[in-house]
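Structure below; questions to follow.
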Ligand SMILES: Cc1cc2nc3c(=O)[nH]c(=O)nc-3n(C[C@H](O)[C@H](O)[C@H](O)COP(=O)(O)OP(=O)(O)OC[C@H]3O[C@@H](n4cnc5c(N)ncnc54)[C@H](O)[C@@H]3O)c2cc1C
């Protein structure tokens, strides 16, 4: 059986950030990532200012990767449209590009990366891969995102009812001009859609919808047709653009936070806390927890103590994001929310600040 000081399962932003920090701290981690190469993820691709600050700590320059600057947010709903400046500069970048850059940085820092291999199950800090190889780790950093790892499943009561969907869509010149520099959030009953321009110039189109809403429509493409039928603005944005392949993730447990863990197992990223995607701070949470978990391990802070402290740290952003998500999804609450935002657009900036995990 292979043995290692630190094993990271999952090579998204959380796992890669932890790998870079550990390698720089003198512990050569082993990271197992099941995708064999660049891939798209269900994600809006919005990088808030806290995510950008954490990326700078990791010596990643999103601008050099082609990230598009964003300085405004626009909410569009059946009640109307509200636009305001963001408190700080943000950016739009595809996860295909971001995740590869992070993994390259981890490799360059000295981490060993096993790609195209998946961990099938774990028993405490011992894991079994899909080819039955076993690895025993002194510390395990669990970074599998929304996916459960057998042996370290999250509480069964959390199964979320939201479905996440994402595809890339080509934009007309008019739509590109309208979205340029903006994160546009279309609020509808049971969910929202987020649009921004990603590094390749196409629109990163991301949807979070209740299972009921998707089922009633009959699938992602049918839901998209319904939504463009309900919103002329959305129809204009997507006119003429073909949706590429959809990526999907089911049962997203928005609002969940890990309070406990077992000795030597640090839960990071979505395995530590799942912030409502509407807030656009999941990547920042992943980077902050990846860095924080790795630092705790380097400082020999017990996993349970660190997990409790991250549970506290993520409380405010997660709770505020949940309040906003619930208000945005339900027409009875959304109408007064949009009214308030149209009178006081600066409230959106306060909301944006309160939903940041920080760097
Ligand atoms: C609809 C939607 C839109 C979103 N939009 C945004 C946004 O615009 N901005 C933002 O900041 N956040 C957004 N988020 C949240 C963000 O995508 C996540 O919070 C973030 O990806 C979490 O990072 P992570 O590293 O924890 O997990 P992930 O990014 O999910 O990475 C997990 C990795 O682990 C790998 N893996 C899983 N299981 C195994 C296994 N058994 N063995 C080996 N490898 C494994 C996967 O292949 C994957 O690469 C959105 C989420 C949703 C659902």
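The values are calculated or read from the model by the stated rules, or taken from the named source; none is laboratory data. Only a predicted model underlies this, so the values are computations on that prediction, with no experimental measurement involved. Ideal geometry is used to build each Cβ from the backbone, glycine not excepted, and the neighbour counts take in all protein chains shown.
Would you pick out the residues in the range 239-260 that are touching a helix residue (DSSP H, G or I) at 6+ places or on another chain (Cβ under 6 Å) and under 18 Å from residue 169 (Cβ atoms)?
Correct list: 246 only.
For a quick check of your reading of the model, give me the residue pairs whose first member lies in the range 25-50 and is over 21 Å from residue 349 (Cβ atoms) and free of Cβ contacts under 8 Å to residues at least 60 places away in the same chain, whose second is part of a loop (DSSP other than H, G, I, E, B) and more than 9 Å from the ligand (Cβ to nearest atom), with beta-carbon atoms closer than 7 Å and at least 6 apart or on different chains.
none
Could you check the range 68-94 and list, in sequence order, the residues that are under 26 Å from residue 19 (Cα atoms) and touching a helix residue (DSSP H, G or I) at 6+ places or on another chain (Cβ under 8 Å)?
First, pick out the residues of the range 68-94 that are under 26 Å from residue 19 (Cα atoms): 90-94.
Correct list: 90, 91, 93.
Residues are listed down the side, and each one gets a yes or a no for (1) surrounded by fewer than 20 Cβ atoms within 10 Å (Cβ to Cβ); (2) modelled with pLDDT of 95 or more:
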| site | (1), (2) |
| --- | --- |
| 84 | yes, yes |
| 132 | yes, yes |
| 136 | yes, yes |
| 147 | yes, no |
| 157 | yes, no |
| 162 | no, no |
| 173 | yes, no |
| 185 | no, yes |
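Ok, one more. Can you tell me which condition residue 120 does not meet? The list is (1) closer than 17 Å to residue 260 by Cα; (2) in contact with a strand residue (DSSP E or B) (Cβ under 8 Å, 6 or more places away or on another chain), and all the others hold.
Of the numbered conditions (1) closer than 17 Å to residue 260 by Cα; (2) in contact with a strand residue (DSSP E or B) (Cβ under 8 Å, 6 or more places away or on another chain), the odd one out for residue 120 is (1).
Would you check which residues across the range 6-33 are near the ligand (Cβ under 8 Å from one of its atoms), touching a strand residue (DSSP E or B) at 6+ places or on another chain (Cβ under 7 Å) and part of a loop (DSSP other than H, G, I, E, B) and list them?
Hits for the range 6-33 are 10, 11.
Just checking, which of 51, 36 is outside any strand (DSSP E or B), on the phi < 0 side of the Ramachandran plot and either away from the ligand (no atom under 13 Å from the Cβ) or surrounded by fewer than 22 Cβ atoms within 10 Å (Cβ to Cβ) (or both)?
Details: 51 fails: either away from the ligand (no atom under 13 Å from the Cβ) or surrounded by fewer than 22 Cβ atoms within 10 Å (Cβ to Cβ) (or both).
Checking each option against the conditions leaves just 36.
Continuing with the same structure: Considering only the range 132-206, give the strands (runs of 3 or more DSSP E) lying wholly within it that have at least 3 residues that are more than 10 Å from the ligand (Cβ to nearest atom).
On the way: elements: 134-142, 162-169, 182-188, 191-197.
Here the list reads 134-142, 162-169, 182-188.
Please count how many residues of the range 97-126 are within 13 Å of the ligand (Cβ to nearest atom) and either touching a residue at least 60 places away in the same chain (Cβ under 8 Å) or crowded, with 19+ Cβ neighbours inside 10 Å (or both).
Count: 14.
Just to be sure, is residue 304 within 8 Å of the ligand (Cβ to nearest atom), touching a residue at least 40 places away in the same chain (Cβ under 8 Å) and out of contact with any strand residue (DSSP E or B) (no Cβ under 7 Å at 6 or more places or on another chain)? Steps first, answer last, please.
Values: within 8 Å of the ligand (Cβ to nearest atom): no; touching a residue at least 40 places away in the same chain (Cβ under 8 Å): yes; out of contact with any strand residue (DSSP E or B) (no Cβ under 7 Å at 6 or more places or on another chain): yes.
The answer is no for residue 304.
Among the candidates 278, 297, which residue alone is crowded, with 21+ Cβ neighbours inside 10 Å and either in a loop (DSSP other than H, G, I, E, B) or within 14 Å of the ligand (Cβ to nearest atom) (or both)?
Numbers: 297 fails: either in a loop (DSSP other than H, G, I, E, B) or within 14 Å of the ligand (Cβ to nearest atom) (or both).
One residue alone meets the criteria, 278.
Shifting gears a bit: Here are some residues: 70, 60. Which one is part of a loop (DSSP other than H, G, I, E, B) and within 15 Å of the ligand (Cβ to nearest atom)?
Going through 70, 60 in turn, just one is part of a loop (DSSP other than H, G, I, E, B) and within 15 Å of the ligand (Cβ to nearest atom): 60.
Right, something else. Tell me which residues, restricted to the range 172-192, are touching a residue at least 24 places away in the same chain (Cβ under 8 Å) and within 29 Å of residue 61 (Cβ to Cβ). Show your work before the answer.
Taking the range 172-192 first, the residues touching a residue at least 24 places away in the same chain (Cβ under 8 Å) are 172, 174-176, 178-192.
Passing the criteria: 175, 176, 178, 179, 180, 181, 182, 183, 184, 185.
In addition: Please go through the range 227-275 and pick out each residue that is within 30 Å of residue 301 (Cβ to Cβ), surrounded by fewer than 24 Cβ atoms within 10 Å (Cβ to Cβ) and near the ligand (Cβ under 9 Å from one of its atoms).
Answer for the range 227-275, where residues must be within 30 Å of residue 301 (Cβ to Cβ), surrounded by fewer than 24 Cβ atoms within 10 Å (Cβ to Cβ) and near the ligand (Cβ under 9 Å from one of its atoms): 252, 254.
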